[in-house]
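Trainee: Take a look at this one; I'll ask things after.
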Amino acid sequence: MVVGPIEYMVVGFPGNKFSGQIAPELAKLIDSGLVRILDLLVISKDDSGEVASFEFDQLDELAPFSELEGEVGGILGQDDIDYVAASLEPGSTVGLRVWEDVWAAPFAAAIRDSGGVLLEGGRVPPELAQEALARVEAAG
């Protein structure tokens, strides 16, 4: 089985204002075959510092995520929750998502098959990318 790159993302929602609004966009990525969700959790810290974590099917606010296709769960554990919660401000919520970049699986296989190894990777924050692209555009 060829597996694409596996990524994770922690998205913050200050003030515990998490809603299911991102579910339809995530569903589009899944339906198009670009990604496969491997795990999805919501972690919150109340104003007194108490941490709680929820699977997508445990809260009414997460009901839109129940429509997502695929087997979700089992990848993230208590160590992951503790790690994310340690930097979470009181009164905040984060969504923690682990997914496979299905679109990249053939390219990743070609790299491996040609003897290549990934030495480093990362994600450029959108603000930095926009700033860099604006500089290139202004210079050109």
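Trainee: Which order results if Val117, Val124, Val35 are arranged by neighbouring Cβ count within 10 Å, fewest first? Walk me through the intermediate numbers first.
Mentor: Details: Val117 6, Val124 9, Val35 21.
Exposure proxy ranking, most exposed first: Val117, Val124, Val35.
Trainee: Sticking with this structure for a sec: Compute the FRET efficiency between Ala105 and Ala139 as 1/(1 + (r/R0)^6), taking r as their Cβ-Cβ distance and R0 = 22 Å, and round to the nearest 0.05.
Mentor: Numbers: r = 36 Å, r/R0 = 1.64.
Computed FRET efficiency for Ala105 and Ala139: 0.05.
Trainee: If you don't mind, there's one more thing I want to ask. Can you put Glu55, Glu50 in order, fewest other beta carbons within 10 Å first?
Mentor: Numbers: Glu55 16, Glu50 10.
Sorted ascending by nearby Cβ count, the order is Glu50, Glu55.
Trainee: Now for a different question. [x] 22, 20, 13; [y] 24, 17, 14; [z] 29, 21, 16: which one is semi-axes √(5λ) of the Cα gyration tensor in Å as calculated from this entry?
Mentor: Checking each listed value against the structure points to [z].
Trainee: Rounding to the nearest 20 debye, state how big the charge dipole of the stretch 6-139 is about its Cα centre with +1 on each Lys and Arg Cβ and -1 on each Asp and Glu Cβ. Display every interim value, and only then the final one.
Mentor: Working: 8 positive and 25 negative charges, 93 e Å.
So the magnitude is around 440 debye.
Trainee: Report the residue, chosen from Gln130, Gln21, Gln78, that carries the largest GNM mean-square fluctuation when the chain is represented by alpha-carbon nodes joined by springs under 10 Å.
Mentor: Comparing Gln130, Gln21, Gln78 in a Gaussian network model of the chain, the most mobile one is Gln130.
Trainee: With a 10 Å Cβ neighbour count serving as the proxy for reagent exposure, in which order, fewest first, do Met1, Met9 appear? Mind showing how you got there, number by number?
Mentor: Values: Met1 3, Met9 11.
By the 10 Å Cβ count, ascending, the order reads Met1, Met9.
Values quoted throughout were computed directly from the atomic coordinates according to the rules given, and no laboratory measurement underlies them. This is a predicted model, so every value here is computed, not measured. All Cβ positions, even for glycine, are placed from backbone atoms using ideal geometry, and neighbour counts span all protein chains on display.
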